[in-house]
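The values are calculated or read from the model by the stated rules, or taken from the named source; none is laboratory data. Computed from a prediction, not measured in an experiment: that's the story for all the values here. Cβ coordinates were reconstructed from backbone atoms using ideal geometry, including for glycine residues, and neighbour counts include every protein chain displayed.
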Amino acid sequence: MRESHNQYPPMAGAAPLRQAIARKIEALYGRAYNADREITVTASATQALLTAVLCCVHPGDEVIVIEPMYDSYVPSIELAGGKPVFVSFEAPDYALPFDKIAAAITPKTRLLMINTLHNPTGRV
């Protein structure tokens, strides 16, 4: 407590942790990021996804999501005032249906949510 470890950390995360992440990324991938401006530590992937959606999506925007999808996507989109647009994987190989994704893109499209490994199919 005497060393000031009794307060909430900065919103972006503790500086030593962000600096360590920047060093690790540079060592592993040769990419340099500014720990103060380009790295944010979140409590979970779900929080990170919500934060990204809230930063990017505005009322009336459309967001393309690939079904099946992680269960937090639609509530996050709706909380931001956006409208989810659903495109489904097709069994048995669960390859991305690029033609359907292209057809779903409109002037209102703000975001396309793709993750790899895909949750829940495991498709890479």
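Restricting the first member to the range 98-111 and to residues that are hydrophobic (A, V, I, L, M, F, W, C), and the second to residues that are in a loop (DSSP other than H, G, I, E, B), the beta-carbon pairs closer than 7 Å and six or more apart or on different chains are LEU111/VAL57. Of the residues making up the range 22-57, those that are surrounded by fewer than 11 Cβ atoms within 10 Å (Cβ to Cβ) and either assigned by TED's automatic domain parsing to the domain that holds GLU78 or under 30 Å from GLY81 (Cα atoms) (or both) are ARG37, ALA43, SER44, CYS55. Just to be sure before I move on: is ASN6 within 21 Å of the chain's Cα centre (by Cα) and loosely packed, with under 12 Cβ neighbours inside 10 Å in the structure I sent? Considered against the rule, which asks whether it is within 21 Å of the chain's Cα centre (by Cα) and loosely packed, with under 12 Cβ neighbours inside 10 Å, ASN6 comes out as no.
Hey, can you tell me all the residues within the range 80-104 that are touching a helix residue (DSSP H, G or I) at 6+ places or on another chain (Cβ under 7 Å) and part of a loop (DSSP other than H, G, I, E, B)? ALA80 - this is the single residue of the range 80-104 that is touching a helix residue (DSSP H, G or I) at 6+ places or on another chain (Cβ under 7 Å) and part of a loop (DSSP other than H, G, I, E, B). Counting the residues of the range 73-103 that are of a type in the set (S, T, N, Q) and surrounded by fewer than 16 Cβ atoms within 10 Å (Cβ to Cβ) gives 1. Among the residues examined, ARG37 qualifies as farther than 29 Å from ARG123 by Cα and assigned to a loop (DSSP other than H, G, I, E, B).
Consider ILE66 carefully, then state whether it is β-branched (Val, Ile, Thr), outside the structural domain of GLY13 (by TED's automatic domain parsing), buried (at least 16 other Cβ atoms within 10 Å of the Cβ) and in contact with a His (Cβ under 8 Å, 6 or more places away or on another chain).
On the way: β-branched (Val, Ile, Thr): yes; outside the structural domain of GLY13 (by TED's automatic domain parsing): yes; buried (at least 16 other Cβ atoms within 10 Å of the Cβ): yes; in contact with a His (Cβ under 8 Å, 6 or more places away or on another chain): yes.
So ILE66 fits the description; yes.
Residues are listed down the side, and each one gets a yes or a no for (1) within 24 Å of MET113 (Cβ to Cβ); (2) in contact with an Asp or Glu (Cβ under 6 Å, 6 or more places away or on another chain); (3) of a type in the set (S, T, N, Q):
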site	(1), (2), (3)
TYR33	yes, no, no
ASP36	no, no, no
VAL41	yes, no, no
VAL85	yes, yes, no
